[in-house]
Amino acid sequence: MIMRPYLLLTPGPLTTSESVKTAMMTDWCTWDEDYNVHIVEEIRKGLVQLATRKTR
């Protein structure tokens, strides 16, 4: 039987950068105004622009 090395794609403490760990410290909740207004609304606007963009 040939043993093949595998890639672990799940980030863990050894493969996660400090900037990612810091970003993960913010608890974004769907009922928070900051989350809905600043994150979801911006994503929604971008999706609407893509969906309604005229193509040639």
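Between HIS38, MET24, MET3, the Cα set farthest toward the positive side of the dipole of the chain (charges on each charged residue's Cβ, about the Cα centre) is that of MET3. By the beta-carbon count within 10 Å of each Cβ, the least crowded to most crowded order of ILE43, ILE2, fewest first, is ILE2, ILE43. Relative to the longest principal axis of the C-alpha atoms of the chain, give the angle of the C-alpha long axis of helix 41-52, reported between 0 and 90° and rounded to the nearest 10°. So the inclination is approximately 80 degrees.
Starting from the Kirkwood radius over alpha-carbon pairs of the chain, derive D by Stokes-Einstein at 10 °C in a medium of 1.306 mPa s and give it in µm² s⁻¹.
Values: Rh = 15.4 Å.
Calculated translational D: 103 µm²/s.
Rounded to the nearest 500, the helix-only mean residue ellipticity at 222 nm of the chain stands at -9000 deg cm²/dmol, with each DSSP H run of n ≥ 4 adding -39,500 (n - 2.57). Put in order of Cβ neighbour count within 10 Å, fewest first, the listed residues MET25, MET1 become MET1, MET25. When TYR35, TYR6 are arranged by Cβ crowding within 10 Å, least crowded first, meaning fewest neighbours, the order is TYR6, TYR35.
The residues packed around VAL40, meaning those with a beta-carbon under 13 Å from its beta-carbon, carry a net charge of -3 if Lys and Arg are +1 and Asp and Glu are -1.
Placing unit charges on the Cβ atoms only, positive for Lys and Arg and negative for Asp and Glu, gives the chain a dipole magnitude near 640 debye about its Cα centre.
Read the figures in this text as sums done on the coordinates, not as results from a lab. Small disclaimer: the values here were computed from a predicted structure and weren't measured. Glycine also receives a Cβ, built like all others from the backbone with ideal geometry; neighbour counts cover every protein chain displayed.
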